[in-house]
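Working notes, structure below.
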Amino acid sequence: MKNDADCLFCNIQKERVISNNEYAYAIRDGFPVTELHTLVIPKRHVEHYFGLTNDELLACDALLRTLREEILRENDSVEGFNIGINSGAVAGQTIFHCHIHLIPRRKGDVSNPKGGVRHIIPGKGDY
């Protein structure tokens, strides 16, 4: 597997890993947006989502689905999820190793959730 010696996700501490499979692993986000905010990360160093292989895509999806079920069992206040990927600096990516955010959502965590991820650009979530 190709790794980058300076990459945070290529050098993650093993004790932070909460789940993994052949091509990907998961950790809790170090700066969570909500409780149980989780990252799914391909093991191979790849900068963005569009560089993932089909095997990596399927592995990441499998972890997202497993983690979703685990979170729902662990915390019954969770009623929804946002799944997000920042691809490129202009999209907000700060760690240039692909990672997928699984963000649990709870009723009332924001005053009006309508528009969801559209709120990335102010004023575009209200329609």
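Just so you know, all these numbers are worked out from the coordinates, no wet-lab data involved. Just so it is clear, the model here is predicted, and its values are computed rather than measured. Ideal geometry is used to build each Cβ from the backbone, glycine not excepted, and the neighbour counts take in all protein chains shown.
Taking K and R as +1 and D and E as -1, what net charge do the other residues with C-beta under 14 Å from the C-beta of Asn75 add up to?
-1
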Under 5 Å, built H, 5+ apart or other chain: amide partners of Val33: none
Ala24 long-range amide H proximity, modeled H, under 5 Å: Lys43
For Arg105, residues with placed amide H under 5 Å, excluding near neighbours: Glu79, Gly80, Phe81, Asn82
Selected from Thr34, Leu63, Leu8, residue furthest toward positive end of dipole (the chain; charges at beta carbon): Thr34
Kirkwood hydrodynamic radius of region 14-120, from inverse mean 1/r over distinct Cα pairs, in Å: 14.4
Using alpha-carbon coordinates, inclination of helix 54-74 to the longest axis of the chain, degrees: 50
Loop GluC sites (Glu not before Pro), region 21-75 (other Cβ atoms within 10 Å of the site Cβ: 11 or fewer; DSSP): Glu22
Filtered trypsin sites (Lys or Arg not before Pro), region 80-127: DSSP coil and at most 11 other beta carbons within 10 Å: Lys107, Lys114, Lys124
Modelled FRET efficiency - R0 25 Å, Val90 with Arg16, Cβ distances, 0.05 increments: 0.30
Long-range lysine pairs (8 or more apart or interchain), the chain, Cα under 25 Å: 5
